[in-house]
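Right, one structure below, let's go through it.
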Amino acid sequence: MVLSAVEFERIFKDLYRPLCLYALRFVSSTDDAEDIVQQAFADVWEKNIHKETITDVKAYMFRAVHNRSISSAAQVSTIGQLYELPADLEDSTEEERIYQSERDARLWNAIDALPPERKKVFLLSKCDGLKYQEFADQLNISVKTVENQIGKALKF
């Protein structure tokens, strides 16, 4: 199937974040993951221009990102750095890794949809691992406000 620019853009918007999160399971840098995903999309667009058929774009993209990520990790390994698969990768199937990446993307989309202050409080709490009092002091707000914002974020 040949994709229109609108269809390609929709696929890009739907798959970009899950693919980046998927690539991050293999490479250590966000920049590397984004480069891998962008190059995979560029390759698909090039195939599309040349009217090459890709029957399942989603499956193709995950496989392309997987292969590129492994190649990238192998290149890092050959220039003197030791590369090991993260522990959660060793015990999971590709289907599970794709599911986890899509789930993580949905979670980040929900976090991105939070109001800015609630998002900041939630991320400080859950990602930075600070205690409520620590980031209440950091943000000049009360602990009760922190608790309220976290509760609202979790409900959302």
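Below are the figures for this structure:
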item	result
Where labels lie 7 Å past Cα in the beta-carbon direction, separation of Thr93 and Asp31 in nm	3.7
Whole-Hz ³J(HN,Hα) from phi, Karplus 6.51 cos²θ - 1.76 cosθ + 1.60, for region 97-105, glycine and proline x	5, 5, 4, 4, 5, 5, 5, 4, 5
Cross-link pairs Lys47/Lys119; Lys131/Lys155; Lys119/Lys144; Lys58/Lys131; Lys13/Lys144; Lys13/Lys47 - those with Cα-Cα distance over 28 Å	Lys47/Lys119; Lys58/Lys131; Lys13/Lys144
Relative packing of 40-46, 62-68, 137-143, which averages over residues the other C-beta atoms within 10 Å, highest first	62-68, 40-46, 137-143
Charge sum, other residues only, whose C-beta stays under 13 Å from Asp14's C-beta, Lys/Arg counted +1 and Asp/Glu -1	+2
Neighbourhood charge, 12 Å Cβ-Cβ cut-off, centred on Val37 and excluding it, Lys, Arg +1 and Asp, Glu -1	-3
Two-site FRET efficiency, Asp137 against Thr53, from Cβ-Cβ distance with R₀ of 41 Å, rounded to 0.05	0.10
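Throughout, read-outs are computed from the coordinates displayed, never taken from laboratory work. Because the structure is a prediction, the values reported are computed rather than measured. All Cβ positions, glycine included, derive from the backbone under ideal geometry; neighbour counts span all protein chains shown.
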